[in-house]
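Structure first, commentary second.
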Amino acid sequence: MSIRLKTTYFLFGKNRKNFLHIFFVFMLSPLLSFSQARIMQGIITDSDSGEYLDGATVYIIENKVGTIADENGHYSISIPLGNCIVKFSHVGYESQDLVIRDNTSLKQNMKLKPAEFLQEIVVSSRKKDDNVTNTTMGVQRLSMEEIRLLPAIMGEVDILKTLQLLPGVQATSEISTGFSVRGGSPDQNLIVLDNTVVYNPGHQMGFFSAFNNDVISGIELYKGHFPFRHGGRLSSLLEVKTREMIPNRINATGGIGLISSRLMVEGPLGDKTTWIVAGRRTYADMFLAFAADENLRNSTLYFYDLNGKLTHRLSKTDKLELNIYNGLDKMGVSVGSFNYGNTASSLTWNHAFSKTLFGKFSAHFTDYNYQLGSNLNNMDVTWKSNISDWMLRADFHHPVSELWNLSYGISGTYHFFKPGDISFTGMGFNDYNITKTEALEYGIYLSNEQILTSRLSAKYGLRFSSFQNTGAFSHLYTGWEPGIGAVYKLTDNSSVKANYSHNSQYMQLANNSASGSPLDIWFSASSKVKPQEVDLYSLGYFHNLNDNMYEVSAESYYKNLKNVIDFREHSTLLLNNNLEDEIRTGTGKAYGIELMVKKNSGKLTGFVNYTVSRSERTIPEINKGKTYLAPYDKTHAINIVATYNMSKKVNMSLIWVFATGSPTTYPTGRFGINGEYFPVYSGRNEYRKPNYDRLDLSLNYIPKPNSKKKWKSEWNFSVYNVYNRKNPWTIIYQQNKDTGIPYTEMLYLFGIVPSVTYNFKF
Amino acid sequence: MMNTISRLQSFDLGRFSISITLLMFAILIGCTAPIDIKTDDSPPVIVIYGAVTNEFTHHKIMISRSAPYFDNKPNEGISGAKVAVQSSNNETYTFREHDTIPGMYLSNRKFSAQSGVDYSLSVEVDFDNDGIMDKYEAATTILPPTSVDSLTIEPTTMFGRKNYLLYLHFQDPPEKNHYLVNVIYNDSLLNAKLSRYIISDDKIFDGQAGKMMIFRFYEEQEQETDTEGIREYSVSLYPGDTVITETCTITKEYFDFIDQCQKEQGGEVPIFGGPAANIATNISNGGLGFFTGYCIFRNMVIHKQEN
């Protein structure tokens, strides 16, 4: 079947009929191939902890078809008439087979026992051959078990930095938690913590992420083809999920590191309620207390994160969940301060309407704010800014049959933007406020995932979004965001996949530096700024070997971007009441091939990936209208991640990273005024910084792996940048003090950095 | 850190972000190392820089040649140019080259530029040695001066150090204004170089009266340079010292030129800076640099012994 889905405007053009025809044929096709079946459903949990096993697989051996449990451990599968064997499995657990006869109950809850050798790296929490069988492309998953073993700078294991080891993902700058996906800008990534957006998930200018490892169960990154329930960004969706445990008793996990310590405590409250409380704090300022300078002793320099979660099971079919996150960076001296942080919270009600209809209703609040203050000679200046969202959403999962696996839902978000309010005390000036704006964003979607034949599966859907802002440039935008993906299994272990999707983005960051900044200003689409749009096409080949021990994949993509945003040369983005005047828009494209080999089990586990790619922009008012490289374009990128389990006591990990240097603009000439030289530049991004490479090593030592005591501990020794490579963070132009002749220096952030962390659990 | 925070109350509040970046350099354990970068050499172009002011003086125009960025010789001045400035009142002022400094041209006679009058510069020289004279032009308007009510010096303590903050008390006129402030300490101009020009627009205090910090002096014993490297020098203030400020009302175009020179001089600034871009000019025919004009308003304060 050939499907031509060029852009959303296809719907309104002369081919509208064709599109709708194709869409409805897909939606209705399950009716044409109805087969006799029964629906079996239940909940899969960990036999020890009671944790819901998100991603556990249920597989009918006779039919070679299966399904995956959702985040509440729920599964629902169509069972053929007659006898059959159903296999329940999950990585890290012992599989169980269940014989189903005609008279067997169709409600089957399953408790899986953890496998004995838990030291094994778990690369994926999904079913073993998920990468071959799942229709969605460009999905990367990492579990905390895997992330924890890897080397980390200053011993601070960080999910956002681990993410940057995946193909197609690049750090925006050295050790930054900001990342670029397939050449896109960091503000084109939607980052959600339990479905609540986190606008700036970085601490200390982005060098540490806002996510505390102890409360995170894992992450999923969608490099373009999002699940339809999310939208509003062009490049990626990163879903960060907190733990889903039902502990029998109070447990605690923690760590003591060089720069921070953390503690997570969880426990039950009666039969139906569980709670998690976790905190993390750095203590750089505690060392300042020993400073010789009295004023330094009173300085503040730290960040903290607090996470809380309360889960209450109202009935067999209803569950309430409250999630709260708050994080703050504080820097202060006697004459002033700089604070910034996020709050993200949600209340979710899960309800099973029937065996095949699950609903999720949630309310979300998120806020990112910063505040700068100064106090000199009884004169105060305070600068405050924030962005906050209120969101209500309802999502339904409706797995009727193999052919009707529907998802649909609706969401509404109220955005509030306060770009900057400055208040003066004692200086004689009035307050200076940048105009605050608001916006309403809605999304409604319907998608279906179906197994068409034993070899061919497809997923397709449509999302409709709308965005209305307030203010001088108020405007209503609407957009259709279709998506379709298909997987064709060539053999039991190999498949080819093709995906297409169209996404719109209605909000973006006013930041034109290559690395992120805490002084975020988000601005919305308006009558002057059109929404950014992307058409993403992907094609890939996936092959698993040796009973899924090895996963091999090759994915290619092509992105066509419209209304892509950049800023006027020498633009002023902070404290600007006419931000719209600084914006320049044009087109962009990005394409590449990502190759990946993963080893999932055995003593040696890990992955090697190679990406070759290009990302470019064409904007009439920038670079004299000539096409230029996007700041995150990296021609070649190689990542090697390996963990070797030497024994139950010791395992070692290695990371090696290589990437082509970032595009940059170098001076080709100079002009002089009063003995100082000023640069005359090449065209934008015509040069590249030196290539980036780095080796990190770590060793985990578990003193008593077989101990039956409650207290369990391990040591992590890490060395970051083992061969002390000086990777330039930025290039600085200087003039020789004697001769006045210019020369260049690079500023690099870290040489070799060893660290040690002590982790414990009781 | 001190500079960063105090910059919030200083004249150039709107441009303080670079200080924050420099603060981060200090907080991070960043190190510098030499690096060689190889670039193509752009062809030479003429560079013209100069100003006419309301001072009754010999005004100065500098003419030089641009060079490859890493050229190991100083940029050369251009001799033999025919330089003239003409006012919209049809007065023409011709310039002649300095006897010993190639490329420096001084007006033949002293004159004072008038507020509200336009001045245009013309430079004729055979820049590319092809036997044909090349002509370069630029124009500017002299905006009316902004009067500054007074100048005060106020002591403060930062990190246990005694500092003296220099404040400008003024009423900003209702229209959009851009300022350049020179600080003269005992007859020596502290911000003579373009990179140290103190500039601000009136975005934050448009049409209002108030005070803004302009400069920070140290107490006698505080001679060390600033750790953030924002100013490589520190100036100590003694009782009896004289401080003069020259508040110049400049055009937006000249403000942008200074702003861009200051931002681009050291290369890209991570986190807060934008991508590198060429510095604007008002010199025609492919030239670089700037020709400007402005009125100067002077204020003086004498530092007194504290009681």
- Task: Output the residues belonging to the stretch B:257-278 that are free of Cβ contacts under 8 Å to residues at least 60 places away in the same chain and either over 18 Å from A:Ser571 (Cβ atoms) or at the interface with chain A (Cβ under 7 Å from one of its Cβ atoms) (or both).
- Result: B:Gln260, B:Glu264, B:Gly266, B:Gly267, B:Glu268, B:Gly274, B:Pro275, B:Ala276, B:Ala277, B:Asn278
- Query: at pLDDT below 80, touching a Leu at 6+ places or on another chain (Cβ under 9 Å) and of a type in the set (Ser, Thr, Tyr) - does that describe any residue in the stretch B:273-286?
  - Reply: no
- Note on the structure: Filter the stretch A:683-693 for residues that are surrounded by fewer than 21 Cβ atoms within 10 Å (Cβ to Cβ) and over 16 Å from A:Thr730 (Cβ atoms); the one that is modelled with the lowest pLDDT is A:Gly683
- Note on the structure: Scanning the stretch A:561-587 for residues that are assigned to a strand (DSSP E or B) and touching a Ser or Thr at 6+ places or on another chain (Cβ under 7 Å) gives A:Leu561, A:Lys562, A:Asn563, A:Val564, A:Ile565, A:Gly586, A:Thr587
- Would you check if A:Ser407 is over 25 Å from A:Tyr283 (Cα atoms) and assigned to a loop (DSSP other than H, G, I, E, B)? no
- Task: Give the residues of the stretch A:319-337 that are part of a strand (DSSP E or B), over 17 Å from A:Leu269 (Cα atoms) and free of Cβ contacts under 8 Å to residues at least 60 places away in the same chain, sorted by residue number.
- Result: A:Ile324, A:Asn326, A:Leu328, A:Lys330, A:Met331, A:Gly332, A:Val333, A:Gly336, A:Ser337
- Query: Any chance the stretch B:204-215 includes a residue that's surrounded by fewer than 17 Cβ atoms within 10 Å (Cβ to Cβ), part of a loop (DSSP other than H, G, I, E, B) and either among the basic types (Lys, Arg) or at pLDDT 85 or above (or both)?
  - Reply: yes
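Looking only at the stretch A:718-733, filter to residues that are closer than 17 Å to A:Leu695 by Cβ and over 26 Å from the mean Cα position of the chain (by Cα); which one of those is nearest to the other protein chains (Cβ to nearest Cβ)?
A:Lys726
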- Query: Considering the stretch A:144-202 alone, what residues qualify as being within 24 Å of A:Ile752 (Cα to Cα), more than 11 Å from the chain's Cα centre (by Cα) and of a type in the set (A, V, I, L, M)?
  - Reply: A:Ile147, A:Leu149, A:Leu150, A:Ala152, A:Ile153, A:Met154, A:Val157, A:Leu165, A:Leu166, A:Ala171, A:Ile175
- Note on the structure: Note on A:Asn623: of the conditions (1) in contact with a strand residue (DSSP E or B) (Cβ under 8 Å, 6 or more places away or on another chain); (2) within 14 Å of another protein chain (Cβ to nearest Cβ); (3) among the polar types (S, T, N, Q), unmet is (1)
- Message: Against the definition (assigned to a loop (DSSP other than H, G, I, E, B), touching a strand residue (DSSP E or B) at 6+ places or on another chain (Cβ under 8 Å), within 14 Å of chain A (Cβ to nearest Cβ) and not aliphatic (A, V, I, L, M)), how does B:Thr292 come out, yes or no?
- Response: no
- Query: What are the pairs, 6+ residues apart or on separate chains, where a residue within the stretch A:423-444 that is more than 9 Å from chain B (Cβ to nearest Cβ) and free of Cβ contacts under 8 Å to residues at least 12 places away in the same chain has its Cβ under 7 Å from a residue that is part of a strand (DSSP E or B) and among the hydrophobic types (A, V, I, L, M, F, W, C)?
  - Reply: A:Asp431/A:Ile422; A:Asp431/A:Phe424
- Query: Within the stretch A:630-656, how many residues are surrounded by 21 or more Cβ atoms within 10 Å (Cβ to Cβ) and either part of a strand (DSSP E or B) or not assigned by TED's automatic domain parsing to the domain that holds A:Gly740 (or both)?
  - Reply: 7
- Report yes if some residue within the stretch A:386-397 is of a type in the set (Phe, Trp, Tyr), touching a residue at least 40 places away in the same chain (Cβ under 8 Å) and crowded, with 17+ Cβ neighbours inside 10 Å; otherwise report no. no
- Have a look at A:Leu575, A:Leu509 and point out the one that is within 30 Å of A:Thr136 (Cβ to Cβ), within 14 Å of chain B (Cβ to nearest Cβ) and touching a strand residue (DSSP E or B) at 6+ places or on another chain (Cβ under 8 Å). A:Leu509
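The values are calculated or read from the model by the stated rules, or taken from the named source; none is laboratory data. Here the structure is a predicted model, which means the values were calculated and not measured. Cβ: placed from backbone, ideal geometry, glycine included. Neighbour counts: every protein chain shown.
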